[in-house]
Amino acid sequence: MPPSPRPMSIRAPAIIAHRGASRDFRENTMRAFQRALELEVDGIELDVHATRDGVLVVHHDASLPMHHGEAVERVPLVRLSAAELAEFRLPSGDPIPTLDEIFRAVGDRATVYVEVKAPNVEPMVAALLDQHPEVRSAVHAFDHRIPVGVRAIRPVTMIGLLSASYPLNVQGVISGSGATMFWQHADLIDERLVQAVHEAGLQIVAWTVNSARHARQLAAWGVDALCTDVPDEIRTALATGPSGAEAA
């Protein structure tokens, strides 16, 4: 049985690198994730799609720009094989990594929070998680059926629900899901919502937090984790007061 993600302290929110250290290197690339690990983040968050032949790959968009002479066509990732995708390079020169490669690189150094963006890949996700019991991992998505589906196949999987709207009834949103984390757009979090999520028995993750002032406010409200493009800056912000002095 794989270990659960690290417990998160309300007083000291966990720091999750959003698509890796994505201000330092191209998001969702091995270099961004390696940099996040160098910064000793608590977790890394990434986006997952599947190729035509069933390989899980880490990329935000569902398609890639393919050049045919002067013409550019957006090709869905699901129409490409893993071998074809391996030849592609992002504008930064980085290849698109597979989720397996990321798991191997991370090991037990941080929790990997997998946002699944592709439909009907729950069996693939569950199978890959089983192949990496050394990795602390969790699955979340805007389509709440996806993490619930992964957990139905693999009951030990920790899952979260993504939200970009303010829930009027938190209990109604999470009921029956088995989720342990509620990922909420940072601009739609207030103290009342934090309390409601905690009362429902879940942890609340704020995304995406790149402002020191906002990070401190969310921490004061008791948010459990901050997902950020600048993990080093946010960690420093939480360790220091508004004036830059070391926090007590």
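The values are calculated or read from the model by the stated rules, or taken from the named source; none is laboratory data. As the structure is a prediction and not an experimental result, all values here were calculated from the model. Because the Cβ atoms are built from the backbone with ideal geometry, glycine has one as well, and the counts that use them run over all protein chains shown. Remember, those area values only see protein heavy atoms, side chains included, never the ligands or the DNA or RNA. Shrake-Rupley method; radii C 1.70, N 1.55, O 1.52, S 1.80 Å.
Taken over the stretch 151-171, the criterion of being open to solvent by less than 50 Å² (accessible area, probe 1.4 Å) and hydroxyl-bearing (Ser, Thr, Tyr) is satisfied by Thr157, Ser163. When Ile153, Ile159 are screened for being in contact with a strand residue (DSSP E or B) (Cβ under 7 Å, 6 or more places away or on another chain) and of a type in the set (A, V, I, L, M, F, W, C), only Ile159 passes.
Hey, can you tell me all the residues within the stretch 57-82 that are open to solvent by less than 70 Å² (accessible area, probe 1.4 Å) and over 28 Å from Phe142 (Cβ atoms)? Matches in the stretch 57-82: Ala71 only.
Criterion applied to Ile96, Ile102 was being β-branched (Val, Ile, Thr), more than 30 Å from Val170 (Cα to Cα) and within 16 Å of the chain's Cα centre (by Cα), and the one residue passing it is Ile102. When the stretch 9-51 is filtered for residues that are part of a loop (DSSP other than H, G, I, E, B), within 17 Å of His140 (Cα to Cα) and open to solvent by less than 30 Å² (accessible area, probe 1.4 Å), the ones remaining, listed by number, are Gly20, Asn28.
Does Ile174 fit the bill of being β-branched (Val, Ile, Thr), farther than 17 Å from Ala14 by Cα, surrounded by 18 or more Cβ atoms within 10 Å (Cβ to Cβ) and touching a residue at least 24 places away in the same chain (Cβ under 8 Å)? The answer is yes for Ile174.
For the stretch 139-170, the set of residues classified as more than 16 Å from the chain's Cα centre (by Cα), part of a loop (DSSP other than H, G, I, E, B) and closer than 18 Å to Arg192 by Cα consists of Ser165, Tyr166, Pro167, Leu168, Asn169, listed by residue number. Listed by first and then second residue, the pairs with beta-carbon distance under 7 Å, at least 6 apart or on different chains, first residue in the stretch 207-223 and open to solvent by less than 70 Å² (accessible area, probe 1.4 Å), second among the aromatic types (Phe, Trp, Tyr), are Trp207/Trp183.
Determine, yes or no, whether Ala196 is of a type in the set (A, V, I, L, M, F, W, C), touching a residue at least 40 places away in the same chain (Cβ under 8 Å) and open to solvent by less than 40 Å² (accessible area, probe 1.4 Å). No: the conditions fail for Ala196.
Is there a residue being farther than 25 Å from Val156 by Cα and touching a helix residue (DSSP H, G or I) at 6+ places or on another chain (Cβ under 7 Å) anywhere in the stretch 117-127? Looking through the stretch 117-127, none of the residues is farther than 25 Å from Val156 by Cα and touching a helix residue (DSSP H, G or I) at 6+ places or on another chain (Cβ under 7 Å). Given the criterion in contact (Cβ under 8 Å) with a residue 40 or more places away in the chain, surrounded by fewer than 22 Cβ atoms within 10 Å (Cβ to Cβ) and either touching an Asp or Glu at 6+ places or on another chain (Cβ under 7 Å) or farther than 22 Å from Ala14 by Cα (or both), identify the matching residue among Glu101, Glu87. Only one candidate qualifies: Glu101.
In summary, Pro95 fulfils each of the numbered conditions (1) outside any strand (DSSP E or B); (2) closer than 18 Å to Thr157 by Cα with the single exception of condition (2).
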